[in-house]
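Reviewing the structure listed below.
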Amino acid sequence: MTHTNTAAAAGTRPATTEPLTLRRVHLGAGGPLSDVRIESGLVNAVFPAGESPRADGQSADLDGRTLLPGLWDSHVHMVQWAGLRRRLDVSGARSAREAADAVGRQAVALPAGEPMIGHGFRDGLWPDAPHKDLLDTLVPDRPALLISMDLHSAWLNSAGLALVGRGDHPTGLLREDECIQAMAQLPTASVELTDQWVREACVAAAARGITGIVDFEYADNIADWTRRMNGAPVPLRVAASIWSPQLEAAIGRGLRTGQTLDTPGGLLEVGPFKLLTDGSLNTRTALCHEAYPGTVPGEPGSHGLEQLPPQELVSLLRRASSHGIEPAIHAIGDRANEMTLDAFEAVRCHGRIEHGQLLAPKDIPRFAELGVTVSVQPTHAVDDRDVADRHWAGRTHRAYAFADLLAAGAVLALGSDAPVAPLDPWLTMASAVTRTGDERPPWHPEQRIPVADALAGSSRGRRLIRVGDRADLVVTDADPLTADARTLREMPVHATLLAGAWTHGPSM
């Protein structure tokens, strides 16, 4: 039987469909050849291949492909990712001058007065510094803005600074809170256009096997996703995070992390409460025990940036967790991670640490001891290796320590941090498994993790497909357990199902 990919083509909402039998498919990575019966959005029965009884509904012969649990990206900024897909990428620039030249060339093709927006710069290894004067020379007639790859800094020309009310800024390079506040003042696309871009990005994610995301966009995510899901359909489940400005309203509504909200298909759930304790490696604002090279220990900024005092962090964790809202705390430097683990220990609540990039050896076992999930983005380890070697010299053996965390019993949740890295779970998993993204040898190969653990970390811990599970599934042309590094990274996805309905799939 032929199934057209209507969900992917039109963004149609996955709905409860007639029963479906998937025939001749390997049940899980390395699993037996089986027939899988799906009814009412659930895995209803599993049979040895060829032994499923004739039944009503649809049937698809998968010709020996591999059936896996549907994949989740545990850390996404969805509006930024959707918009970034339409912006100038300067991630390959090796200097401020090279990035500015690219901006100047692109700006010439834009309509008069339209802002020039780019993304992806990494200045941690540049020989020259970003400065507004450099952009002014090449783009004098319109606002120009570049957002860093890690989202923690922005580089603007004079017109861009004036647009966000910071015309007197001395350099045009904004970091951390100053960057976030400026970004919030930029003109944005209409709600309707933004929602269209987000739906298109969701369709693209479904085509890579994604069935769900945790969205950490800095916004009222529950309201935004409720609107989207009550409008045109979305082919993903979404856990919508809560930020501080929305916390009290969420508590007042009685919302709890994991709670399913009333939207079509029940695809929206309450996510965690997001807080920031420090900055990032590339901006040298990740909070560390040791000072950054070239700084004076003890001077302001020498060890990074503390975004929240420990007492305030404990208070916010206690407030949210006492009402059933689990915290998700951004912590990158080893000092920030220690402080955050101390806060979890004081409050004794479950939750997540987002990133956990640099860890003191004594803190690695504490994740499992305290029941704190570590939400990691393996592609950062590949992309940041050179910056880490410079700014965390002598400490990189405990950076992105995925294998050590697993050995200590920690639960890993894998994600992309899109738009910092592409929203592609196979790129994420390949980075965790290989620890390299180019022709160079693996970076700290002792921290590589097995494919099976990468799959579990990308599917909310689901290692097996069992009768009674939600039929959120992905069909791949290759078995991840036997795939070489390139195949794993570029994994051909044959089909994706959400609650038993196709969200991506060719003719079968």
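Eigen-decomposition of the gyration tensor built on the alpha-carbon atoms of the stretch 198-246 gives equivalent ellipsoid semi-axes of 20, 12, 8 angstrom, largest listed first. Each residue of the stretch 22-36 is assigned a 3J(HN,Hα), and the resulting list reads 8, 9, 6, 10, 6, 7, x, 4, x, x, x, 5, 9, 10, 10 Hz, derived from the Karplus form 6.51 cos²θ - 1.76 cosθ + 1.60 (θ = phi - 60°), x at Gly and Pro.
Here the chain carries DSSP beta bridges of which approximately 40% are antiparallel, counting only pairs with both residues inside. Packing here is the average count of other Cβ atoms within 10 Å per residue, and on that basis the peptides 79-92, 245-258, highest first, run 79-92, 245-258. When only Cα pairs below 8 angstrom with a gap of at least 6 residues are kept, the chain shows a relative contact order of 20 percent.
With the Cα gyration tensor of the stretch 45-128 in hand, give its eigenvalues times 5 under a square root as the equivalent ellipsoid semi-axes, listed largest first in whole angstrom. Write down the numbers at each step before the final one.
Details: eigenvalues 504, 59, 28 Å².
Taking √(5λ) for each eigenvalue gives 50, 17, 12 Å, largest first.
Dimensions of the stretch 150-267 from C-alpha coordinates, computed as largest minus smallest value along each principal axis and given longest first, are 50, 36, 24 Å. The stretch 76-96 and the stretch 308-327 have Cα centres separated by 32 Å. Split the accessible area of the chain by element, probe 1.4 Å, and carbon with sulfur accounts for 52%.
Highest mean packing comes first when the peptides 151-160, 404-413 are listed by Cβ atoms within 10 Å, giving 151-160, 404-413. Taking only the C-alpha atoms of the stretch 384-464, Rg followed by Dmax gives 12.8, 41 Å. Need one word for the stretch 235-280: rounded, prolate or oblate. Basis is the Cα gyration tensor (sqrt eigenvalues a ≥ b ≥ c); a/c below 1.5 gives rounded, then a/b vs b/c decides. Oblate. Computed per residue of the chain from DSSP H runs no shorter than four, each worth -39500 (n - 2.57), the mean residue ellipticity at 222 nm is -8500 deg cm²/dmol. With the cut-off at 1.5 for a/c, could you classify the stretch 415-508 from its C-alpha gyration tensor as rounded, prolate or oblate? Prolate, because a/c is 1.5 or more and a/b exceeds b/c.
Charge tally around N157: other residues with Cβ under 11 Å, Lys/Arg +1 each, Asp/Glu -1 each, net -1. Think of a 1.4 Å ball rolled over the protein heavy atoms: the chain then has 39 Å² of accessible area per residue.
The values are calculated or read from the model by the stated rules, or taken from the named source; none is laboratory data. The structure presented is a predicted model; accordingly, all values stated were derived computationally and were not measured. Virtual Cβ from ideal backbone geometry, glycine too; neighbours counted across all protein chains shown. Note: areas computed on protein heavy atoms with side chains; ligands, DNA, RNA excluded. Shrake-Rupley method; radii C 1.70, N 1.55, O 1.52, S 1.80 Å.
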